[in-house]
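*Asks:* Sending over a structure as structure tokens; questions will come in a sec.
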Amino acid sequence: MRAFDSILVADWSAGKRAPKSPSKDAIWLCVARRGAAEEPVYCRTRREAEDWIRNFFAQEIAAGRRVLAGFDFPFGYPQGFAAHVTGSSDPLAVWDWLEARITDAEDGANNRYDVAQTLNALFEGPGPFWGKPNEAGWPEIPYRKADIAFDQLSERRACDLAAKASSSCFQLAFPPTVGGQILMGLPMLARLRQIAGVHVWPFEDCTEAPVVLAEIWPGLIEPAVKAELGRLDANPIRDREQVRLLSRAFSRLSLSELVAMMTEIPDVAREEAWILGAGFEERLGALCATSLAPPPLRNDCFALPAGVEWTPVDEALELLRSRLTPVTGMRSAPLAESLGRVLAVPVHARRSNPPQPNTAVDGYGFAGGRPEGPHVLPLIQGRAAAGVPFNGSVPEGHAIRILTGAALPEGVDTVILEEDVRTDGTQIAFHGPLKPGANTRKAGEDVHAGDLALPAGQCLTPADLALLSAVGISEVDVRAPLRVAVLSTGDELVEPGDAAGPGQIFDANRPMLLSMMTRFGFEPVDMGRVGDDREVLRLAMDRAAQQADVILTSGGASAGDEDHVSALLRQAGAMQEWRIAVKPGRPLALGLWDGKPVFGLPGNPVAAMVCTLVFARPAMALLSGQEWRAPQGFDVPAAFEKRKKPGRREYLRARVRDGRAEVFRSEGSGRISGLSWADGLVEIEDGARHIRPGDPVRFIPYGSFGL
Ligand code: AMP
Ligand code: MG
């Protein structure tokens, strides 16, 4: 069987049109992809839902994505029902039989009790359908179940018994009204099935079909739903959480688990249908958990093409970009705690911004624009202010006092600025022209409800928190912060503040790298220093792999006698020496230690910092779940002269003064003072160049690198 790219879960409803604001007893849809659920979709009517699903199928099919669509009502009736009603034991004949008879109006008014009565008339004695809104109506439908023998048909299907479901296909009224949902759901599925590529599990071959319809039941994950509802504050909507959790759980199944669920079913399911996942409740429940560890990186993620002596910077970056995937798990967080966190899933607006048309200025509101010339309008009593709407309507030709942010009252679509008006309190006078709609903001002109507010991978900024709040989001699925272990190596290193003997130097890289990780939004984990001792280093690397998602070392990354980082990685069979055509820079030792990516930086502080900014940072951003982002630089006139040979890209410590880029007086790679003197780097392209004062050079501020 081919894997599914998208999971759709629908919570169906048999009722009339649901309220405007999201509620239970409506239809809830949720799409999940790659283990993460998107924002659930609220549909007020079955027509709206059917249109949405039809569009969704078309969109996914066009994009080449395979869909598993689950619906929470039975796809079949107990054995014998289909043949009794249609003359054929094919359950899909029942779908068509119902599709031909059920009517469903725009507002959800329908004839399901009439059709149930027709069905009952086909059987001897009372039933099997029972339950109705009042005892007097539909004489062929018993009010109570006690009146039915269930001797011609069993009350429950094999899968209802297996899943310990208390509901029956025949119960029309009183919750759970599964009987009504089937009658109002199967006609919709019968129509969707007419779309080319849509197959029904387990009645048809579903190994390759672009879209597979399957019966599901949220009851299978009831403990997880309960836990989630308990965890969420403020009146959560059960149906909404159910579709979110269930779609997420299905999208996290491995293909082999899904194949098992779809094939390990009894023969009777061919007629009665089956609840997908019945018998696998525990596994589905576990997959509902909010935190999910992503798959490990591939062993060869740092492999370089053979035979290349010096890899150009752009190629090195492209390799990292194409190989690395997020390694951090996800979890829900209140918005107030998510600054700097990375969105794990796209977030869609729950509410439009602005939610209603409103005024952008203080002034007077009325209907329609006004031509050139003087105008006088009578004022009506009352006013509209932000948060205190005017509830009446403003008659044609009249105006009302209105204050910035106020919802436009009925009868108002145009506002004139207070400063442009003279008034005596009973009328206003002003000069046209004024365009219709002037000084107002349209509902949703910023963001429409349902629009993508922010994409997955966004590292949340203060502005993002404003946007999400405005569109009604209070909790987001974010990734756990990337933990980066920082380790210095070298026999010569001592801690700043300690006594330094001859030949010893203070460890400058560790404080620099730890604080860089903080600035990048990662979680630094200080692993200290180790000398040039392979066994001690091995233990330190083991500890780092346990405590962090990424290991960042400095020193010992080349191929010399005392270069133990590269030696250890090489021993472990996971070492790649990245010789990148860059200055300053020495080879980088990249590899996996215990499954954790290792960036072995050169010890030289200038090279360590440049390599971290240029290579490690974008790579770690990907590992943290962010999108790849190149640092933004800009061209400024050079304040210096420099001749550069072709072959390597160069980064010079630089700063902008009076609009010109100055570079540090020495390019010596041991000159830490130059790093500190600089505000950024000047990047000079790989080719040869003779830069004269005034020539444009590319300056990348430290801020663009995230510092
Ligand atoms: P290595 O890459 O180990 O050969 O080191 C290259 C140069 O960087 C040597 O001069 C080291 O002393 C120096 N170095 C290595 N680690 C650090 C550190 N943590 N702080 C300052 N300098 C260092
Ligand atoms: Mg060393």
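Just so it is clear, none of the values below were taken in a lab; they were calculated from the coordinates. Predicted, not measured: the structure shown is a model, and the values here were computed from it. Neighbour counts run over all protein chains shown; Cβ positions are idealised from the backbone, glycine included.
*Asks:* Would you mind checking the radius of gyration and Dmax of the range 383-487 based on alpha-carbon positions, in Å?
*Replies:* Reported Rg and Dmax, both Å: 21.4, 77.
*Asks:* While we're here: Near Arg660, within a Cβ-to-Cβ distance under 14 Å, what is the net charge of the other residues, with Lys and Arg +1 and Asp and Glu -1?
*Replies:* Residues close to Arg660 contribute a combined charge of -1.
*Asks:* So for the range 89-237, Kirkwood radius off the Cα pairs, Stokes-Einstein at 37 °C and 0.692 mPa s: how many µm² s⁻¹?
*Replies:* 188 µm²/s
*Asks:* In whole angstrom, note down how far apart the Cα centers of the range 189-242 and the range 345-403 are.
*Replies:* 44 Å
*Asks:* Enter the per residue convex hull volume of the range 604-707, computed from alpha-carbon coordinates, in Å³ rounded to the nearest integer.
*Replies:* Enclosed volume per residue, from the Cα hull, is 102 Å³.
*Asks:* Another question about this same structure. With 15 Å as the cut-off, how large is the P(r) tail for the range 538-628, expressed as percent of Cα-Cα pairs?
*Replies:* So the portion of pairs separated by more than 15 Å is 56 percent.
*Asks:* Follow-up question, since we're still on this one. So what J values fall out for the range 381-388 if you push phi through Karplus, 6.51 cos²θ - 1.76 cosθ + 1.60 with θ = phi - 60°, rounded to Hz, Gly and Pro as x?
*Replies:* Whole-Hz 3J(HN,Hα) from phi for the range 381-388: 5, x, 7, 10, 10, 4, x, 10.
*Asks:* Still on this structure: Obtain the nm distance between the two label points defined at Asp267 and Glu318 by a simple spin-label model: each point lies 7 Å from its Cα along the Cα-to-C-beta direction.
*Replies:* Computed distance between label sites Asp267 and Glu318 equals 5.9 nm.
*Asks:* Now a separate question. Compute the Kirkwood hydrodynamic radius of the range 436-541, taking the inverse of the mean of 1/r over all pairs of distinct Cα atoms, and give it in Å to one decimal.
*Replies:* 18.4 Å
*Asks:* Could you tell me the calculated FRET efficiency between Glu410 and Asp107, based on Cβ-Cβ distance and R0 = 35 angstrom, to the nearest 0.05?
*Replies:* 0.90
*Asks:* Still on this structure, please answer the following. What is the total of Lys pairs in the chain with C-alpha atoms under 25 Å apart, excluding same-chain pairs fewer than 8 positions apart?
*Replies:* Within the chain, the lysine pair count is 14.
*Asks:* A further question on this structure: Over all Cα pairs of the range 1-134, how is the pair count split among 10 Å bins, expressed in % and running from 0 up to the last occupied bin?
*Replies:* All Cα pairs considered, the percentages come to 10, 32, 32, 20, 5, 0.
*Asks:* What full-extension length gain, to one decimal in nm, is calculated for Glu562 and Val494 as 0.36 nm per residue of separation minus the Cα-Cα distance?
*Replies:* Between Glu562 and Val494, full extension yields 22.8 nm more.
*Asks:* Averaging over every viewing direction, what projected area does the convex hull of the Cα atoms of the range 272-374 cover, in nm²?
*Replies:* Mean orientational projected area (the range 272-374, Cα hull): 19.8 nm².
*Asks:* With a Förster radius of 45 Å, plug the Cβ-Cβ distance of Val308 and Asp695 into 1/(1 + (r/R0)^6) and report the FRET value to the nearest 0.05.
*Replies:* For Val308 and Asp695, the calculated efficiency is 0.90.
*Asks:* Still on this structure, please answer the following. Add -39500 (n - 2.57) for each DSSP H run of 4 or more in the chain, then divide by its residues: what number comes out at 222 nm, to the nearest 500 deg cm²/dmol?
*Replies:* Only helices count here, giving -7500 deg cm²/dmol.
*Asks:* Using amide H atoms built in the peptide plane, which far-off residues or other-chain residues are under 5 Å from Val347 H to H?
*Replies:* Counting only residues 5 or more places away or on other chains, the set is Ala453, Leu454, Ala456.
*Asks:* Now, a different point. Which three extents, in whole angstrom, do the alpha-carbon atoms of the range 140-222 cover along their principal axes, largest first?
*Replies:* The principal-axis extents, from largest down, are 45, 29, 26 Å.
*Asks:* So what are the ³J(HN,Hα) numbers for the range 144-158, from phi and the Karplus equation (6.51, -1.76, 1.60; θ = phi - 60°), rounded to whole Hz, Gly and Pro as x?
*Replies:* 10, 5, 4, 7, 10, 8, 6, 9, 7, 9, 7, 6, 10, 7, 4
*Asks:* Another question about this same structure. Once R0 is set to 25 Å, what does the formula 1/(1 + (r/R0)^6) return for the Cβ-Cβ distance between Asp90 and Ser254, expressed as a FRET efficiency to the nearest 0.05?
*Replies:* So, using R0 = 25 Å, E works out to roughly 0.20.
*Asks:* Still on this structure: Compute the Cα gyration tensor for the chain, then decide on rounded, prolate or oblate, letting a ≥ b ≥ c be the square roots of its eigenvalues: rounded whenever a/c is under 1.5, prolate when a/b is larger than b/c in the other cases, and oblate in all that remain.
*Replies:* Oblate, because a/c is 1.5 or more while a/b does not exceed b/c.
*Asks:* Roughly how compact is the range 339-435, stated as its Cα Rg over 2.2 N^0.38 Å to two decimals?
*Replies:* 1.36
*Asks:* Distance between the C-alpha centers of the range 264-343 and the range 590-642? Whole Å please.
*Replies:* Here the answer is 24 Å between Cα centres.
*Asks:* Taking the Cα-to-Cβ direction at Arg231 and at Asn55 and moving 7 Å from each Cα, how far apart do the two end points lie in nm?
*Replies:* 3.1 nm
*Asks:* Same structure again: Mind grabbing the base-10 log of I(q)/I(0) for the range 487-566 at q = 0.18 Å⁻¹? Debye formula, identical points on the C-alpha positions, no solvent, two decimal places.
*Replies:* For the range 487-566, the Cα-only Debye profile gives -0.77.
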